[in-house]
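S.K.: Here it is: the structure, laid out below.
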Amino acid sequence: MAQSIPAKSSGAEIICHDPATGEEIGRAPLFMPEEVARAVGRARDAQPAWAAKSYRERGRVIMAAREVILKELEEIAFLISLETGKPVAEAISLEMTPVLDLMQHFARKTANLLAPRRIGLGQYWFMGRSSYEIYKPRGVIGIISPWNFPLATPLGDVVMSLMAGNAAVLKPSELTPLTGLKIQEVLTRAGLPDAVLQVVTGDGSTGAALVAAGTDKIMFTGSVATGKRVAEAAAKYLIPVVLELGGKDPMVVLDDANIQNAARGAVWGAFANCGQACSSVERCYVHESIAELFIAEVVKETQRLRQGNGTEKAIDIGSMSSERQLRVVERHVNQAVDHDAEVLTGGERLRDVAGAFYPPTVLTNVNHDMDVMREETFGPVLPIMTFRTEDEAVRLANDSQFGLAASVWTNSIARGQRVAWRIDAGTVMINEVLYSHGIAQTPWGGVKQSGLGRTHGRAGLLELVNAQHIHVNRLPFIPDLWWFNYSEDASQLFRGFARRFSSGSILQTGLLLPQMIRRWRERQRN
Ligand code: NAD
């Protein structure tokens with residue numbers, strides 16, 4: 001299914017390949033820096049009219065786009081599969097379903113989530129003061145995306161940006177520009193006004209040009225190394241950034257876990273999307289008392305998985321999305337094996353096929369000196385270690401430069417929560433893996449090297465607006481007691497404020513009443 005997209009005036013193109021076969025599947029323009037700057041300029045011109053529309057009107061466009069996607073569900077899922085190598089079924093379950101849900105959620109709920117909020121003022125209320133916050137669009141949002149969820153990740157950011165009243169310029173990954181262009185097409189067909197969203201396809205240089213083009217915020221999703229480069233470049237222009245970066249997500253299986261379900265969860269969490277999810281299970285720690293049974297179950301489940309071309313039917317795992325990522329997987333597994341890791345299944349790329357196929361691989365006898373336990377592998381590898389105590393499990397889980405997501409498995413929800421609270425990560429799931437990125441209502445983002453800021457949920461929307469504080473004095477005819485002049489009486493009163501008003505207690509402040517009246521009379525006289 002070759003797609004032909006007209007080249008830009010510069011004529012430069014990205015050639016897209018199916019990673020499962022190596023065949024060319026289409027071409028996309030490679031936008032030059034001056035074209036990116038022009039796109040940002042057009043977005044800036046178009047944004048005020050879009051921001052002037054009501055939430056309801058904006059929501060109607062998003063819901064219309066949702067209908068376009070639903071009508072073309074099969075074609076779009078096929079395109080995603082073709083560009084990434086993932087099974088069509090997985091494109092529908094892991095990408096399209098969550099992003100369709102996200103669209104309806106933000107189309108309907110943004111008005112409420114961004115409604116003006118009153119702020120409690122404590123004792124200032126007795127002085128006739130009130131405060132509230134309103135949320136104004138930032139302007140133009142630059143969105144830079146990776147290839148692993150080429151529809152859901154960028155479209156989620158686009159929808160939230162647009163619903164908040166911004167215009168957006170999206171730079172999709174160079175590995176998946178065709179899905180990126182599909183996002184543009186879908187929103188154009190839904191009636192989004194011209195230039196409110198523009199997709200600029202290209203490589204890292206196009207992304208760098210978007211950062212340099214002076215947007216009002218950058219929403220970046222990708223690797224730690226590129227995220228740092230983006231943050232550095234954005235700092236030059238004081239552009240705020242959200243960085244959704246890598247992970248090395250631990251899964252902790254406590255001794256009272258349901259072994260079979262935990263094993264199934266581990267296999268799905270590690271191998272869905274061929275292990276190329278930021279919240280894939282990348283390390284598993286199982287209590288030594290159940291390790292043997294758990295590992296046997298994991299291996300059995302893994303060996304049942306059917307690997308093949310993602311566009312074929314009844315496939316569980318497709319190819320990896322790129323040779324480059326496959327080489328990272330090979331390096332991690334080979335280094336672990338050189339240091340005595342045991343391969344229970346998988347462990348070597350499939351050599352009798354043309355594409356980037358690496359089989360689901362389970363390793364034991366691993367330790368934290370190995371890259372496979374320290375660096376992001378981002379491939380179908382599940383290394384398993386054992387632990388003796390809860391404390392040891394928490395220490396191992398936290399012994400990482402990353403902190404994106406984690407999971408704890410136990411039949412005791414109270415115990416699970418106790419352990420979850422001790423793990424350093426943006427999200428900890430109890431008896432679940434991987435999928436909470438797909439819940440539009442909940443915040444997503446990491447700590448440590450996994451990034452800055454949040455997407456999804458109200459926290460994600462707040463990244464896309466400027467919060468403006470409005471403060472009101474309902475007694476405009478009374479001068480404040482702390483204004484000039486600083487007489488001796490005044491300075492005594494200020495000392496009283498420091499001791500009593502600042503205690504937050506209205507009773508304490510009440511003791512200052514005689515001094516306040518004296519000061520007020522003094523103001524009347526002068
Ligand atoms: P990447 O960092 O190589 O590329 C990401 C994007 O940045 C691409 O569009 C790329 O063209 C662009 N880019 C490259 N150089 C740039 C520069 N100098 N300035 C601006 N943009 C530039 O990452 P990738 O290989 O596409 O994606 C995989 C990574 O993404 C993994 O580390 C994964 O964990 C992470 N990821 C994180 C999340 C999350 O929510 N935390 C979600 C998905 C993926």
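S.K.: Take each of the peptides 232-238, 242-248, 71-77, 472-478, average the number of other beta-carbon atoms within 10 Å over its residues, and list them starting from the highest. Walk me through the intermediate numbers first.
M.R.: Values: 232-238: 12.3, 242-248: 25.1, 71-77: 16.0, 472-478: 9.3.
By packing density, highest mean first, the sequence is 242-248, 71-77, 232-238, 472-478.
S.K.: Roughly how many Å² is the accessible area per residue of segment 249-439, as a whole number, for a 1.4 Å probe?
M.R.: On the way: 7870 Å² over 191 residues.
Computed with neighbouring chains in place, this is 41 Å² per residue.
S.K.: Restricting things to Cα coordinates, could you compute the convex hull volume per residue of segment 456-508 in Å³? Show your work: numbers first, answer last.
M.R.: Values: hull volume 9.1 nm³, N = 53.
Here the figure is 172 Å³ per residue.
S.K.: How many nm is it between the label spots at A64 and F126, if each spot is 7 Å from the Cα in line with the beta carbon?
M.R.: 5.5 nm
S.K.: Roughly what % of Cα-Cα distances in the chain sit above 28 Å, to the whole percent? Intermediate results must be reported in sequence, preceding the final value.
M.R.: On the way: 82521 of 138075 pairs.
In whole percent, the share of Cα-Cα pairs in the chain beyond 28 Å is 60.
S.K.: Considering only C-alpha atoms, what is the centroid distance from segment 11-64 to segment 234-256, in Å?
M.R.: Cα centres, segment 11-64 to segment 234-256: 26 Å.
S.K.: Any chance you could check the Cα centroid distance between segment 365-425 and segment 80-111 for me, in angstrom?
M.R.: So the separation of the two Cα centres works out to 28 Å.
S.K.: To make sure I understand the rule: partners must be aspartates and glutamates, Cα under 18 Å from the Cα of K53, and not fewer than 8 residues away in the same chain. Which ones qualify?
M.R.: The qualifying aspartates and glutamates are D45, D194.
S.K.: Calculated from DSSP H runs of 4 or more alone, at -39500 (n - 2.57) each and per residue, what is the 222 nm mean residue ellipticity of the chain, nearest 500?
M.R.: -12500 deg cm²/dmol
S.K.: How large is ³J(HN,Hα) for each residue in segment 63-74, as worked out from phi by the Karplus curve 6.51 cos²θ - 1.76 cosθ + 1.60 (θ = phi - 60°), to whole Hz, x for Gly and Pro?
M.R.: 5, 5, 5, 4, 5, 4, 5, 4, 5, 10, 3, 5
S.K.: If you restrict to DSSP beta bridges whose two residues both lie in segment 249-439, what percentage is antiparallel, to the nearest 5?
M.R.: Values: 3 of 23 bridges.
Bridges in segment 249-439 that DSSP calls antiparallel: roughly 15 percent.
S.K.: Further question: In whole angstrom, note down how far apart the Cα centers of segment 176-195 and segment 269-288 are.
M.R.: First find each Cα centre; the distance between them is then 33 Å.
S.K.: Note down the Stokes-Einstein diffusion coefficient of segment 381-526 in µm²/s, whole number, using a Kirkwood radius over alpha carbon pairs, 20 °C, and 1.002 mPa s. Walk me through the intermediate numbers first.
M.R.: Details: Rh = 20.8 Å.
D = 103 µm²/s.
S.K.: Which whole-number percentage describes the relative contact order of segment 55-108, with Cα contacts under 8 Å and a sequence gap of 6 or more? Working shown, then result.
M.R.: Details: 33 pairs, mean separation 28.7, N = 54.
Contact order relative to length: 53 percent.
S.K.: For segment 75-87, take each phi angle, set θ = phi - 60°, evaluate the Karplus expression 6.51 cos²θ - 1.76 cosθ + 1.60, and give the result in whole Hz per residue in order, putting x for glycine and proline.
M.R.: Working through the residues one at a time gives 5, 5, 4, 5, 4, 4, 4, 5, 7, 10, x, 7, x Hz.
S.K.: May I ask you to list the lysines whose Cα is less than 26 Å away from that of K86, ignoring any residue fewer than eight positions away on the same chain?
M.R.: Cα-Cα hits under 26 Å: K71, K171, K182, K248, K300, K313.
S.K.: Take every Cα-Cα pair in segment 110-203 and report what % of them are more than 23 Å apart. Kindly include the intermediate steps, with their values, before the conclusion.
M.R.: On the way: 1721 of 4371 pairs.
The calculated P(r) of segment 110-203 puts 39 percent of pairs beyond 23 Å.
S.K.: What is the set of long-range amide H partners of V408 at a cut-off below 5 Å, with H atoms built 1.01 Å from backbone N?
M.R.: Amide H neighbours of V408: V252, M429, I430, N431, E432.
S.K.: Right, next: Summarise the long-distance tail of P(r) for segment 249-439 by giving the % of C-alpha pairs beyond 21 Å.
M.R.: Numbers: 8229 of 18145 pairs.
Summing the P(r) tail past 21 Å for segment 249-439 gives 45 percent.
S.K.: May I ask what percent, to the nearest 5, of DSSP beta bridges between residues of the chain are antiparallel?
M.R.: Values: 25 of 62 bridges.
Percentage antiparallel, nearest 5: 40.
S.K.: Enumerate the amide H contacts of K248 below 5 Å, restricted to partners 5 or more residues apart or on another chain; note that Pro and chain-start residues carry no placed amide H.
M.R.: G403, L404, A405
S.K.: In whole Hz, with x marking every Gly and Pro, tabulate ³J(HN,Hα) for segment 207-213 from phi via Karplus 6.51 cos²θ - 1.76 cosθ + 1.60, θ = phi - 60°.
M.R.: Here the 3J(HN,Hα) series is x, 4, 5, 5, 5, 6, 7 Hz.
S.K.: Please report, in whole Å³, the volume per residue of the convex hull around the C-alpha atoms of segment 479-525. Don't skip to the answer; put the middle values down first.
M.R.: Working: hull volume 3.1 nm³, N = 47.
Given the Cα convex hull of segment 479-525, per-residue volume reads 66 Å³.
The values are calculated or read from the model by the stated rules, or taken from the named source; none is laboratory data. Note that the coordinates shown come from a computational prediction; the quantities given were computed from them, not determined experimentally. Neighbour counts run over all protein chains shown; Cβ positions are idealised from the backbone, glycine included. For accessibility, only protein heavy atoms count, side chains too; no ligands or nucleic acids. Shrake-Rupley method; radii C 1.70, N 1.55, O 1.52, S 1.80 Å.
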